[in-house]
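I have placed the structure first, in the form of structure tokens, so that the comments after it can refer back to it.
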Protein chains: 4
Amino acid sequence: MRGIKLGIVGGGPGSFIGFTHRLAAKMDEEFALVGGVFSSDYAKSVKFARSIDLDVKRVYRSVDELIERERALPVDGRMTAVTIATPNYLHYDAARKLIRAGFHVICDKPVTMTCAEAERLEKMVGERGTVFCLTHNYTGYPMVREARKLIEKGTLGRIQKIDVQYYMGAFNPLVHDKKNWKSIWRFDPSKAGISCNVADLGTHAFNLVEYITQIEVKAVLADLNTLYDGLPLDLDATILLRFGGNLKGVLRSSHIATGEENALEIKIYGDRMGLRWEEENPNCLYLLSDNKPAQVYSRGKSSNTKFSLEGTRVYRGLPEGFFESFANLYKGAAKAIRTKRETSGAFPTIHDGVRTMKFVEAAVSSHKKGNKWVELR
Amino acid sequence: MRGIKLGIVGGGPGSFIGFTHRLAAKMDEEFALVGGVFSSDYAKSVKFARSIDLDVKRVYRSVDELIERERALPVDGRMTAVTIATPNYLHYDAARKLIRAGFHVICDKPVTMTCAEAERLEKMVGERGTVFCLTHNYTGYPMVREARKLIEKGTLGRIQKIDVQYYMGAFNPLVHDKKNWKSIWRFDPSKAGISCNVADLGTHAFNLVEYITQIEVKAVLADLNTLYDGLPLDLDATILLRFGGNLKGVLRSSHIATGEENALEIKIYGDRMGLRWEEENPNCLYLLSDNKPAQVYSRGKSSNTKFSLEGTRVYRGLPEGFFESFANLYKGAAKAIRTKRETSGAFPTIHDGVRTMKFVEAAVSSHKKGNKWVELR
Amino acid sequence: MRGIKLGIVGGGPGSFIGFTHRLAAKMDEEFALVGGVFSSDYAKSVKFARSIDLDVKRVYRSVDELIERERALPVDGRMTAVTIATPNYLHYDAARKLIRAGFHVICDKPVTMTCAEAERLEKMVGERGTVFCLTHNYTGYPMVREARKLIEKGTLGRIQKIDVQYYMGAFNPLVHDKKNWKSIWRFDPSKAGISCNVADLGTHAFNLVEYITQIEVKAVLADLNTLYDGLPLDLDATILLRFGGNLKGVLRSSHIATGEENALEIKIYGDRMGLRWEEENPNCLYLLSDNKPAQVYSRGKSSNTKFSLEGTRVYRGLPEGFFESFANLYKGAAKAIRTKRETSGAFPTIHDGVRTMKFVEAAVSSHKKGNKWVELR
Amino acid sequence: MRGIKLGIVGGGPGSFIGFTHRLAAKMDEEFALVGGVFSSDYAKSVKFARSIDLDVKRVYRSVDELIERERALPVDGRMTAVTIATPNYLHYDAARKLIRAGFHVICDKPVTMTCAEAERLEKMVGERGTVFCLTHNYTGYPMVREARKLIEKGTLGRIQKIDVQYYMGAFNPLVHDKKNWKSIWRFDPSKAGISCNVADLGTHAFNLVEYITQIEVKAVLADLNTLYDGLPLDLDATILLRFGGNLKGVLRSSHIATGEENALEIKIYGDRMGLRWEEENPNCLYLLSDNKPAQVYSRGKSSNTKFSLEGTRVYRGLPEGFFESFANLYKGAAKAIRTKRETSGAFPTIHDGVRTMKFVEAAVSSHKKGNKWVELR
């Protein structure tokens, strides 16, 4: 069997993210899904496994059972990697056990509930040489990768301003009636952690900034909004960013941007050129100049970098989307697992997870202190 | 095993369309690929099957062997459907045999080399109740389906003008050097048939018109262009369309539209409203009015039709693309195979194949007669 | 007085085109409007002149009176140029007299009712050195001028395909009720001539093609549509174009493209690059390549040609529109009048008028002959 | 003479803003320019007046002389209104004198150097019934006016988030070389006041927010950036906004957004719908919904409000731009002068001037205090 044997924890019946992981894993014929823990209800889990033609002998009751039973199999028959697609608050415990037991891990974002947890995972990963792929999928778009390379080779010059936005109206129809609040797990601190919006959307935007520019955010000043008094977690955030030197930026994210669908947009301005990318139109990248025509990069052009060309599966002009961006991370993880070498930028790692958790904690702290600057430790 | 057992003929090592069929088939966990004839070279075929974790016992030397050996298996173990992803000139023979042997067929476009062949297949399909899914994939986009429904329910009023375009620059870098001509099978009449551009791009555009409007083209007047004297087949076509009554239209397709990527665009104007859709921005549909704001339909809105919602796999705003449109045809075919009932519009059928071949033959005939009107028989 | 003294014939109370001419004339402080024949009703004409602060002594009852009385003034006090903004069917007679009397002429399009008339004017203009500016205003957009220059300097290589469109829904709400037909002068052959759509929109599109490419259309095959039997003139046209060699093209124009506003779009493909321009987004020009990023030209960049920079009045990014395009023709005419030298491309001339009338006559003839090829004489 | 007699102070030879005021004033034939003080150098001023065909007798050496000499003319012969198009630091003194002398005033933005000055002008205007039109021209776009009306009639519901941006790369090529700094008056506090970017771009954005929403900003927290240590004034600003209740927003403006041309963009989200407008594409307005198709408003549709229709001069689809937006303010001022009644929203007033100066002072104060919240007094 050529495909890397993969298990999945979570993402069972009716789960969009479970569907996404399965599709991303199988897209490039690099992984073979062999079993997992699809639901906390074992009967449901088995039924689900049957519906997708899996061998029910490898459906397990828990992560612990998965680890025990898979490790009992011959090395070349057991799972090599396990995807964690559970609700966020269960990530840490599953990841910890899986890493310790020697599995490579693909994990949904945000990585953990706290920065301390993420740091513990980072330490374990470092010690064991685990491949830990964190699915901040927007880094998988070929044009995002082209953007990273353009900056890397100095096309933009010295970066002088950064602006990122992630707006959607997703919670808008629900939030206006207080009765709905209980039904949304993202509003429940015991499941969502200390933040709703910053943790869910803000981390994507933050990771995109650090991914594309390879420059670290040093400090934040955050203004969060719950919209309604009494709503426990933030729905909207504007966060001032400092990067060191005179480089400043702003990150804006919102779940109450009525009518916006998935408006993740990034603008980066250097002293030579600027660039713009929008997730709803992901196959274009705009390179801007003050004295020459703008350039519109698109996938599959022979002038593109090898890195972005490798993330493209179709003739140019045929649109690729969300699933392909996700699959590019899996493709990168597969390569890392097979070669035991990680390519810079091929997928977000546990280090990105630590960074995003530092960001969430600093942002919430800044807001609580009355919009003061807080450094990312 | 729940997935419909699928074989593939063609689409082997390095084939983009083979990759596309496999991905479309597995995307929704409706089909399970079990074997096929991936290459005319058996050794290559076996090697390829291994690379994608297939059981090499079900790799065959020919369509004939596939049919014989699969029919020798118990009914619930044998292939139910077979995908034909060979070069065009081999479609007819494979399809004919597979239909006769009782397999359902998913077939690449253009369906056959001649209209007569397509008509023979249509007759066979009618007699046997075969599900025959022709992969004019652009009909699989949710917003194309929404467009069909908007017209079906009369939103546009009586249709009064139709304009469709399919432009790309694909052959542009190659065609200018005569030395390249031999290497392009689409320029070889023995493999491509009587047309290059009309058969390849024109049929997609034609099918999209008839799919969205459900109105038949009655006659065409075609002006083809080979660009270079001596090039055996057309690279560019402008084709006047008549639909009966005073409804006229135009179809433009080109392989020499330098710098265009996959510019398939359709505009349909009724006496009440108009609509526009573009394949490079497939997740939007523009509904136009002379006296009210234009409307931009997008996937996943609760006001959309059930038909378009069923073709959407992601939260709104997350882009879907080419592969998902393709997979929607497979999804439709799976439903037809399971329920033994075909839903109107769920996938293009052999009847669409006959229509497109009539169109190609009429267009080429019109051009050869010196740009005269020729009816689609 | 520095401004060139200008009279206007037509374009009186309530006239949009009259307003446009006055604004275009005064925009750059090159012309000073001093009088005219604003209406066939003298009292109305006087009242109108008062409303715009003109000296009523220079309001005349007819073109004849204008000529007689102005010529009686001292040379440096009399009108130098006269704008013809009457309905089309009156252009020829006014132009003829004004040219003969030594005035420069700015004339609305389409230039005349017949090609023969246009040719007579061309002869007169040639003999007298008249500046004759024909207001096919779309040639005045800076990005159209940039396009002309890009082709002139060979950036696109050899042109291999041309596609132009001019769609609007303007007549759509009116035409469906036969009772309205009488009220629309464009449907009346005695006023509109032999064509409605081709003469009104088609000539703009045709002129744009010849302006940008500097290549002449040799022959046309036209399919016109009146939409309703009994409607005397065409509302819609698809016209195949031949330019000589293997260069072909298509021109599409429609008054029944429901919901389209002013969708004039041109695409020109060369063997090296392609370009696209759209009138509704006039400040951008797309230069397309098969192997490099597309480029988006915009006004006011230092890399632009002097010719396009001269047609820009604002800081880049501040939108310019229809009126400025119109004013650029007046600016060009002023320069020609002052310097007695015409700059190529500065404004459409009577020669463009002759070309457009040849085009209209050939298109109508082609259609009447049953969609046969007709050469432009 | 029907046109309102207008004088201009400033805006002489080579001045873009002078050209803009003259064009805006004459566009609708509501004003007649009769004289002014075009330059501090009288000889230049006279020469300039001649070049635009003005009577040099009404060219004055100073505002004082203008006032004295014009008041000596008969009432119906003298200037009714005077435009102030000087550098900012001269606005206050000219405005003060002109208002006191009974002239109506059209004044460039930002209105004054300090808030105290603006408040003094507001008091004078209130006492004398002066029409004071402040040319924050972006409020003149028909689609901005439509936006104001949509919010006024409750289409968006309760406003819950506001985001405005004004980015350009204008200073980018200049600022990187310290030697250029001296040559830019906007970097000189004695001429530009306490702010460069906030005063120039931020005030436009701020005014647009208050204009469209009719909701007042209560407090700001500003983070300004000079980019280079030693540059005396800000080039870039991110400013958190509070409006009272739980309504928050953000204003971002930059002169160092490399390659951006005039990227003024506003997004307003209500609990029912959202809207978006962009100055570089000013003739569209997007109305967004979570559960229905987005709507694209455009000029000239019969379903538009009378207010936006009145600001449109052309057939729909023909682009209008910057000059027309400017002219709409003049049109509004003319109506107010003639009727002695001001229509709400017809043009920004001295009250908008006071608001913008409060904003500038609060923003600079906030930044200096280390990014603290500062209320607009």
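Between copies, the label points of D:LYS123, set 7 Å from Cα on the Cα→Cβ line, lie 6.7, 7.9, 10.0 nm apart, reported in increasing order to one decimal in nanometres.
To the nearest 20 debye, what is the magnitude of the charge dipole of region D:213-262 about its Cα centre, counting +1 on the Cβ of each Lys and Arg and -1 on the Cβ of each Asp and Glu? Could you put the intermediate results ahead of the total?
Values: 4 positive and 7 negative charges, 78 e Å.
About 380 debye.
The protection proxy used here, the mean number of other Cβ atoms lying within 10 Å of each residue, ranks peptides C:18-31, D:177-190 as follows, highest first: C:18-31, D:177-190. Considering only beta bridges that DSSP places wholly inside the protein assembly as shown, some 60 percent are antiparallel.
With a sphere of radius 10 Å drawn around the Cβ of A:GLU279, what net charge do the other residues whose Cβ falls strictly inside it have (Lys, Arg +1; Asp, Glu -1)? Mind showing how you got there, number by number?
Working: positive: none; negative: A:GLU261, A:GLU265, A:GLU278, A:GLU280.
Here the count lands on -4.
Note that region B:154-282, at 37 °C in a medium of 0.692 mPa s, gets a Stokes-Einstein diffusion coefficient of 212 µm²/s from its Kirkwood radius over C-alpha pairs. Have a look at B:GLY35, B:MET113, B:ALA81 and report the one farthest towards the positive end of the charge dipole of region B:4-138, computed about the Cα centre with Cβ charges (Lys/Arg +1, Asp/Glu -1). The listed residue farthest towards the positive side: B:GLY35. Taken over the Cα atoms of chain D, the convex hull encloses 145 Å³ per residue.
Our coupling estimate for region D:36-46, obtained by passing each phi through the Karplus curve with A = 6.51, B = -1.76, C = 1.60 and θ = phi - 60°, is x, 10, 7, 8, 6, 9, 4, 4, 5, 5, 5 Hz, Gly and Pro reported as x. Model label points for D:ARG69 and B:LYS340, set 7 angstrom from Cα along the Cα-to-Cβ axis, are 10.1 nm apart.
Across peptide B:19-32, the mean count of Cβ atoms from other chains lying within 10 Å of each residue's own Cβ comes to 3.
Placing dummy labels 7 Å off each Cα toward the beta-carbon, the span from B:LYS306 to C:ARG377 is 6.5 nm.
Remark on region A:221-271: hydrodynamic radius 12.9 angstrom, per the Kirkwood mean of 1/r across alpha carbon pairs. What separates the Cα centres of region A:324-377 and region B:324-372 is a distance of 46 Å. Sparse packing (at most 13 other Cβ atoms within 10 Å of the Cβ) combined with a DSSP loop state is found for the following GluC sites (Glu not before Pro) in region A:206-277: A:GLU216.
Under the convention that each Lys and Arg Cβ holds +1 and each Asp and Glu Cβ holds -1, the size of the dipole of the protein assembly as shown around its Cα centre is about 0 debye. Rounded to two decimals, what ratio of Rg to Rh does region D:241-328 give with C-alpha atoms and a Kirkwood Rh? With Rg and the Kirkwood Rh in hand, the quotient comes to 1.01.
Once you reduce region C:112-191 and region C:1-19 to the center of their Cα atoms, the two points are 21 Å from each other. Let a ≥ b ≥ c be the square roots of the eigenvalues of the Cα gyration tensor of the protein assembly as shown; is it rounded (a/c under 1.5), or, if not, prolate (a/b larger than b/c) or oblate? It is oblate, given that a/c is not under 1.5 and a/b is not larger than b/c. If you look at the Cα atoms of region C:4-138, you get an Rg and a Dmax of 13.8, 39 Å. Taking every residue in A:216-222 and counting other chain Cβ atoms within 10 Å of its Cβ, the average works out to 1. Charge dipole (Cα centre; +1 on Lys/Arg Cβ, -1 on Asp/Glu Cβ; no other charges) of region B:12-57 amounts to roughly 260 debye.
Amide H contacts under 5 Å for C:CYS133: C:VAL105, C:ILE106, C:CYS107, restricted to partners 5 or more places along the chain or on a different chain, H placed in the peptide plane at 1.01 Å from N. Projecting the Cα atoms of D:THR349, D:ASN262, D:ASN291 onto the dipole axis of chain D, where Lys and Arg carry +1 and Asp and Glu carry -1 at the beta carbon, places D:THR349 farthest toward the positive end. An ellipsoid equivalent to region A:61-123, defined through the eigenvalues of its Cα gyration tensor, has semi-axes of 22, 11, 10 Å when rounded to whole angstrom and sorted largest first. From a point 7 Å beyond the Cα of C:TYR89 in the direction of its Cβ, which residues of region C:198-229 have a backbone N at a distance under 17 Å? Once the point is set 7 Å along Cα→Cβ of C:TYR89, C:199-200 turn out to lie under 17 Å by backbone N, inside region C:198-229.
Here's how it looks for D:LEU227: its modeled amide H is under 5 Å from those of D:LEU235, which are all 5 or more places away or on a different chain. Per-residue mean of foreign Cβ neighbours for A:273-283 is 4 (Cβ atoms of other chains, 10 Å radius).
Suppose only helical runs count, i.e. DSSP H with n ≥ 4. What mean residue ellipticity at 222 nm does that imply for chain B under -39500 (n - 2.57) per run, divided by all residues and rounded to the nearest 500 deg cm²/dmol? Please report the intermediate quantities before stating the final value.
Values: 12 runs with 127 residues, N = 377.
Calculated at 222 nm, the ellipticity per residue is -10000 deg cm²/dmol.
Set the bar at 29 Å for Cα to Cα. Now go through A:LYS5/A:LYS47; B:LYS292/B:LYS358; A:LYS26/A:LYS182 and name every pair that lies beyond it. The answer is B:LYS292/B:LYS358; A:LYS26/A:LYS182.
How would you classify region A:99-227 from its alpha-carbon gyration tensor, with a ≥ b ≥ c the square roots of the eigenvalues: rounded for a/c under 1.5, else prolate if a/b is greater than b/c, otherwise oblate? Can you show the working numbers first?
Working: a/c = 2.09, a/b = 1.20, b/c = 1.75.
Oblate.
If we sort C:133-142, A:358-367 on the protection proxy, mean other Cβ atoms within 10 Å, highest first, what's the order? Mind showing how you got there, number by number?
Details: C:133-142: 26.6, A:358-367: 23.2.
In decreasing order of mean packing, C:133-142, A:358-367 become C:133-142, A:358-367.
When each of the peptides C:67-77, B:242-252 is scored by how many other beta carbons lie within 10 Å of its residues on average, the order from highest to lowest is B:242-252, C:67-77.
The shape of region C:295-363 can be summarised by an equivalent ellipsoid whose semi-axes, obtained from the alpha carbon gyration tensor, come to 26, 17, 11 Å from longest to shortest. The HN-Hα couplings worked out from phi for region C:127-144 by the Karplus form 6.51 cos²θ - 1.76 cosθ + 1.60 (θ = phi - 60°) are 5, 9, x, 5, 7, 10, 9, 9, 8, 6, 5, 5, 5, x, 5, x, 6, 5 Hz, whole numbers, x standing for Gly and Pro. In sequence order, region B:12-27 has phi-based couplings of x, x, x, 7, 5, 6, x, 4, 4, 5, 4, 5, 4, 5, 8, 3 Hz under the Karplus curve 6.51 cos²θ - 1.76 cosθ + 1.60, θ = phi - 60°, and Gly or Pro positions carry x.
Laboratory data are not the source of any read-out in this text; all were calculated from the coordinates shown. Nothing here was measured: the structure is a model prediction, and the numbers come from that model. With ideal geometry, Cβ positions are generated from the backbone for all residues, glycine too; neighbour counts draw on all protein chains shown.
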